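The structure under discussion appears below in the form of structure tokens.
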């Protein structure tokens with residue numbers, strides 16, 4: 001399932017990119033699985049087709065998907081690593097962020113900047 | 001023509017009536033062809049040529065009466081079968097269109113085969129001189145095919161029937177924030193078993209056509225191949241508008257508006273046991289369920305207003321059902 005929140009500050013294409021990243025990381029999107037055709041997904045989410053194409057291009061640049069003419073967008077990233085350490089640390093982070101009244105977007109931005 | 005209009009007035013507004021009209025149309029086409037063939041009795045050789053293979057002359061012969069009878073009996077049996085699909089499973093326009101189209105097509109197909117193959121034999125003393133009527137098979141498939149498409153399009157689409165009651169919970173809900181958009185898109189490909197069986201059917205039909213010299217069977221194998229192609233893969237999409245299921249070829253396709261969804265749930269489907277095979281199907285239990293049934297296993301089941309139920313086999317159906325439930329509820333709120 002793909003979702004888009006137009007009220008979020010995060011650009012629409014970035015929202016899609018994030019979902020595929022998470023999907024691959026958690027193993028919901030398996031290696032070799034095909035993502036929906038850009039036009040179909042754009043229509044279903046009522047967004048511009050270029051938004052979806054841009055998301056797919058970013059994912060290709062990150063090496064998570066392969067774009068092939070006529071064969072669609074195929075997931076190439078794999079994750080077999082154990083994410084439990086990350087999940088434990090994240091639970092801690094979320095608790096601290098809530099205590100500090102940080103919004104999810106603000107928290108994500110802090111994490112992103114710290115990882116640069 | 002006048003009879004047709006009168007028939008339409010009397011019967012056209014009921015579902016069984018639409019099917020009955022198409023059965024009459026198909027049988028009239030075949031009946032007219034049979035009448036025409038019999039009227040040529042004096043100028044036709046006896047026996048007549050009924051089968052050609054390869055580029056040579058005819059290699060199958062029958063008396064005129066036996067040839068006409070064989071095709072008419074085949075036509076009546078098939079029209080009865082196709083009508084049963086429409087009458088017992090015709091709660092949705094798609095099932096009635098299938099039934100109506102097939103009724104018209106089979107009548108036209110057999111009628112064209114009958115008259116087309118006899119046309120060239122008029123005036124011949126010996127049927128062995130008859131030329132190979134290669135164009136007949138093409139004309140028999142294509143011509144009535146066009147008529148069948150027109151007939152199917154004349155079947156009125158289901159009227160919009162928004163639900164009046166609340167959505168019945170069938171598979172949980174998707175946790176969407178207000179204003180958040182979501183879409184679920186899945187793909188389903190036809191089971192390998194179905195492909196193997198259909199290839200076997202085509203080969204068997206071809207073999208039967210050659211061995212029994214009943215070249216009408218060639219048309220059947222063409223039809224099986226075409227039908228297999230249309231169901232090779234489908235896309236299943238749940239979004240704010242409801243459920244859309246579309247073949248990779250574009251057709252067949254169907255759409256169920258979110259506000260007509262009464263309940264979305266997950267079920268396990270057995271194509272052969274529940275639907276008598278693979279493809280665009282009407283359930284064999286007479287429940288009127290229609291479905292795009294491509295493989296055994298997980299399926300999204302959508303109960304719709306007016307007692308209609310649609311089934312599509314697809315992996316991850318639970319998530320699709322949950323999102324469709326949420327979208328159906330949103331559609332109610334927008335109206336209320």
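The values are calculated or read from the model by the stated rules, or taken from the named source; none is laboratory data. These numbers were taken from a predicted model, which means no experiment stands behind them. For neighbour counting, all protein chains shown are included, and Cβ atoms are generated from backbone atoms with ideal geometry for every residue, glycine included.
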(request) With the checklist (1) surrounded by 14 or more Cβ atoms within 10 Å (Cβ to Cβ); (2) under 30 Å from residue B:25 (Cβ atoms) in hand, flag the one item residue B:186 doesn't pass. (result) (2)
(message) Please count how many residues of the stretch B:249-271 are within 14 Å of chain A (Cβ to nearest Cβ), touching a strand residue (DSSP E or B) at 6+ places or on another chain (Cβ under 6 Å) and under 21 Å from residue B:145 (Cα atoms).
(response) 1
(message) For the stretch B:218-336, give me every one of the strands (runs of 3 or more DSSP E) that falls completely inside it and has 3 or more residues that are touching a helix residue (DSSP H, G or I) at 6+ places or on another chain (Cβ under 7 Å) and closer than 23 Å to residue B:93 by Cβ.
(response) B:233-239, B:242-247, B:261-269, B:279-282, B:290-293, B:297-304
(message) Of everything in the stretch A:9-34, what is touching a residue at least 12 places away in the same chain (Cβ under 8 Å), more than 9 Å from chain B (Cβ to nearest Cβ) and not in a helix (DSSP H, G or I)? Give them in sequence order.
(response) A:9, A:10, A:27, A:29, A:30, A:31, A:32, A:33
(message) All but one of (1) exposed (fewer than 13 other Cβ atoms within 10 Å of the Cβ); (2) closer than 24 Å to residue B:244 by Cα; (3) within 14 Å of chain B (Cβ to nearest Cβ) hold for residue A:37; state the number of the condition that does not hold.
(response) (1)
(message) If I filter the stretch B:37-49 for residues that are assigned by TED's automatic domain parsing to the domain that holds residue B:124, under 30 Å from residue B:246 (Cα atoms) and modelled with pLDDT under 90, do I get at least one hit?
(response) no
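From the set of residues in the stretch A:40-57 that are surrounded by fewer than 18 Cβ atoms within 10 Å (Cβ to Cβ) and touching a helix residue (DSSP H, G or I) at 6+ places or on another chain (Cβ under 6 Å), which is farthest from the other protein chains (Cβ to nearest Cβ)?
Just the residues of the stretch A:40-57 that are surrounded by fewer than 18 Cβ atoms within 10 Å (Cβ to Cβ), to begin with: A:46, A:48-50, A:53, A:57.
Retained after the next criterion (residues that are touching a helix residue (DSSP H, G or I) at 6+ places or on another chain (Cβ under 6 Å)): A:49, A:53.
Working: A:49: 13, A:53: 16 Å.
Ranking the candidates gives A:53 first.
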(message) If the requirement is being surrounded by fewer than 18 Cβ atoms within 10 Å (Cβ to Cβ), at pLDDT below 90 and over 21 Å from the mean Cα position of the chain (by Cα), which of these qualifies: B:232, B:204?
(response) B:204
